[in-house]
Structures are given as structure tokens and as C-alpha cells.
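Just below is one structure, and these are the notes that go with it.
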Amino acid sequence: MGNVIMVTGMVLSSLPVGEFDRRIVLLTKERGKISAFAKGSRRMNSPLMGVTQPFAFGKFEMYEGRTSYDVRKADISHYFTEVTGDYDSVCYACYFAELADYYGRENLEASQMLNLLYVTLKALGKEAIPNELIRYIYELKLMSINGECPGLFECVKCGNSNKINYFSMQMFGMVCADCAHLVNDCVAISESCAYTLQYIVSARLEKMYTFTVSDSVLKELSYIVGRIRSRIIDKRMKSLELLDNTI
Ligand SMILES: [Zn+2]
């Protein structure tokens with residue numbers, strides 16, 4: 001016999017299965033990434049119809065069977081309609097969900113990743129911060145939460161925390177002015193860019209989307225975070241291709 005469990009989570013993706021059902025992938029606080037069936041959710045008037053939409057966030061009551069979960073009911077607190085109403089934002093949100101799916105594992109507690117995804121979609125729904133900046137913040141923070149962050153607070157060569165004005169992919173981190181000539185692939189970065197990278201990694205999630213940057217810093221972030229991402233994440237993201245063709 002299975003158990004009935006309650007989890008807090010967000011729908012990352014939702015696929016039709018059979019005639020009336022859906023299979024959803026959820027990122028949950030308690031059990032990490034899990035997939036579940038929502039039986040009958042495509043029938044007219046099914047109470048499960050709305051709760052299986054991508055980005056629906058709330059509490060899900062599920063039956064835990066031997067090999068899969070079945071959604072029984074859900075109490076959705078946020079549908080992120082402010083995101084789903086805008087094509088550009090939807091592209092970003094799909095990409096963010098795909099990245100969370102990439103890192104998510106079953107039975108691996110995921111409260112930080114879930115909270116990050118939540119505050120990120122909230123930020124996408126507001127006009128205050130450009131979507132492109134939200135993307136770089138999310139990518140770097142997500143890699144950092146998963147223990148895959150480059151050395152950003154001191155020179156990776158000598159440990160000095162002053163004058164760290166260079167970045168090296170080869171050394172995977174910041175390099176100081178004194179060591180720059182010892183490393184082949186150093187790229188000079190501005191003080192603002194270095195500070196922004198450090199802020200993203202060290203700030204609490206609720207402070208993550210409280211700033212903007214100049215166009216030149218945005219370009220630097222695009223280059224640095226882009227290179228880190230392509231080294232760390234080896235999977236081709238379908239949504240990223242869509243996004244890169246859109247912007
Ligand atoms: Zn150094």
C-alpha cells in the first residue's frame with residue numbers, strides 16, 4: 001500500500017499522456033525533483049486541470065505508489081500569470097525551469113533551488129530588472145547553490161583578495177593584477193562586474209533581484225557567466241536555443 005504525502009513545489013513541465021491524463025515534473029522542497037501523474041486532469045471541469053500548468057506553485061497532495069506518484073489535489077498559491085502572459089518572459093521562465101530540471105534529483109532536498117526559482121519568476125513578472133540580467137543572476141546562483149561556482153573572492157593563484165581584476169576560465173576564477181601575467185587566458189573585468197559576481201553568489205535569495213547594472217557590465221556578465229555555464233552544464237537546453245533565437 002502506498003502513502004499519501006504532502007509536498008511544496010512548482011510544476012517544471014507538464015506533458016499530456018493518454019487520452020485524459022498528464023505527467024508532470026515537480027521540483028519539491030521535501031523530495032527534490034519528482035514526476036507524478038495527474039489522472040483525468042485533461043477532462044473538462046477536472047479540479048486538477050489548473051494545478052498541472054507549468055510554474056504552478058503550491059502544496060500538492062499525492063499518493064505515493066510503488067513506482068510513481070499520483071496527484072490527488074493541490075492548493076496553488078501562485079500561478080505566475082504575470083509571467084505566462086508575456087511571450088519573452090515565458091521563454092525565460094521555460095529556460096529557468098529546464099535548468100532546475102537539469103540540477104534536480106529525486107530525494108535530494110531542493111528548498112534553496114525551489115526558493116530561487118520562485119523569486120526569479122517573481123522578478124520576471126516585474127518590469128524593474130531586465131530579463132537578460134535576471135538570466136545571468138539565476139544561472140550563476142543556481143550553479144553556486146549546486147557547488148559549481150568559480151573562485152570569485154580571492155585570486156585563485158595567490159589568495160590575494162585585492163586588485164582581483166581578471167578572470168580566467170583555465171584557473172576557473174578571479175586572478176589578481178600581480179598574477180595576471182602568469183595565466184594565459186586572463187580577461188580583464190571591471191570592478192563593478194567583479195562586485196556583481198560576488199554579490200550574486202553571497203547575497204541572500206530575497207536580496208537577489210534588487211539591483212540593475214549598466215549596459216557594459218551586462219555585456220561582461222553575459223560573457224563571463226556564459227562561459228562558466230557552457231563549461232559546467234553540458235546538456236543542450238531546448239529552451240535556450242529558442243531564447244537565443246528570440247533575443
Ligand atoms: Zn594573485
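Specify which of the listed residues (Leu117, Leu108, Leu140) is of a type outside the set (Lys, Arg) and under 18 Å from Gly58 (Cβ atoms).
Leu117
The rows are residues; the columns are (1) surrounded by 15 or more Cβ atoms within 10 Å (Cβ to Cβ); (2) closer than 19 Å to Lys238 by Cα; (3) out of contact with any strand residue (DSSP E or B) (no Cβ under 9 Å at 6 or more places or on another chain).
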{"site": "Met44", "(1), (2), (3)": "no, no, yes"}
{"site": "Val51", "(1), (2), (3)": "yes, no, no"}
{"site": "Phe80", "(1), (2), (3)": "yes, no, no"}
{"site": "Val90", "(1), (2), (3)": "yes, yes, yes"}
{"site": "Asp101", "(1), (2), (3)": "yes, yes, no"}
{"site": "Ser111", "(1), (2), (3)": "no, no, no"}
{"site": "Tyr118", "(1), (2), (3)": "yes, no, no"}
Residue hits (the range 139-181; away from the ligand (no atom under 11 Å from the Cβ) and in a helix (DSSP H, G or I)) are Glu139, Leu140, Lys141, Leu142, Met143, Ser144, Ile145
Restricting attention to the range 170-187, the residues that are within 22 Å of Lys141 (Cα to Cα) and either loosely packed, with under 14 Cβ neighbours inside 10 Å or not assigned by TED's automatic domain parsing to the domain that holds Val217 (or both) number exactly 6
Out of the range 53-62, which residues are in a strand (DSSP E or B) and either surrounded by fewer than 17 Cβ atoms within 10 Å (Cβ to Cβ) or at pLDDT below 95 (or both)?
-> Gly58, Lys59, Glu61
Do you know which residues across the range 1-25 are of a type in the set (A, V, I, L, M) and either assigned to a strand (DSSP E or B) or closer than 18 Å to Glu106 by Cβ (or both)?
-> Val4, Ile5, Met6, Val7, Met10, Val11, Leu12, Leu15, Val17, Ile24, Val25
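The values are calculated or read from the model by the stated rules, or taken from the named source; none is laboratory data. Keep in mind the model is a prediction, meaning the values are calculated, not measured. Reconstructed Cβ throughout: ideal geometry from the backbone, glycine too, with neighbour counts over all protein chains shown.
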